[in-house]
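Nothing in this text is a laboratory measurement; each read-out follows from the coordinates by a stated rule. Keep in mind it's a predicted model, so treat the numbers as computed, not measured. Counting neighbours? That spans all protein chains shown, and the Cβs are built from the backbone with ideal geometry, glycine included.
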Amino acid sequence: MTPSVDSPPVPPRGQRIRETIAQLRERILAGEWPVGSRIPTEPQLVAALGVGRNTVREAVRALQHAGVLECRQGSGTYVVSTDELAPVVARQLTDDRMTEVIEVRRAFEVEAARLAALRRTPEDLAALDG
């Protein structure tokens with residue numbers, strides 16, 4: 001069966017999965033599903049995102065593998081991190097390397113603060129005052 005002239009083209013499956021992953025990430029980062037909260041059920045996600053069950057499953061599996069989501073048998077899927085890097089780093093660390101990690105984080109944070117100060121706008125300053 002060929003699609004009608006009026007129907008939009010259907011993106012390839014891989015693209016749909018990437019778009020679904022991006023939509024889930026956006027909702028997590030926006031605080032719709034904060035760390036520790038359970039995300040909607042698979043049928044609810046299918047309806048909300050307008051994609052098939054397999055696409056939702058693959059997207060959730062990818063975010064689970066990245067350490068953002070955790071599936072708990074019989075309980076649901078929970079947000080465990082908003083940052084994909086944090087769980088990866090945590091898995092690689094041992095207690096004896098924590099001092100090194102703190103040093104590296106401090107360097108990153110100082111540089112991030114320096115760049116934020118350099119790039120601030122008058123609107124940013126007003127938001128801080130308000």
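Shown in residue order for segment 19-25 are the 3J(HN,Hα) couplings computed by the Karplus curve 6.51 cos²θ - 1.76 cosθ + 1.60 at θ = phi - 60°: 5, 5, 4, 4, 5, 5, 4 Hz (x for Gly and Pro).
Between Leu125 and Arg72, the simple spin-label model (points 7 angstrom out along Cα→Cβ) gives 4.7 nm. In this structure, the amide hydrogen of Ile39, modeled 1.01 Å from its nitrogen in the peptide plane, lies closer than 5 angstrom to those of Thr77, Tyr78, Val79, counting only residues at least 5 positions away or on a different chain. Each peptide in 118-129, 69-80, 53-64 receives the mean, over its residues, of other Cβ atoms within 10 Å, and ordering these scores from highest gives 53-64, 69-80, 118-129.
Couplings 3J(HN,Hα) of segment 35-42, computed from phi: 4, x, 8, 8, 7, x, 5, 4 Hz, in residue order, whole Hz [Karplus 6.51 cos²θ - 1.76 cosθ + 1.60, θ = phi - 60°; x for Gly and Pro].
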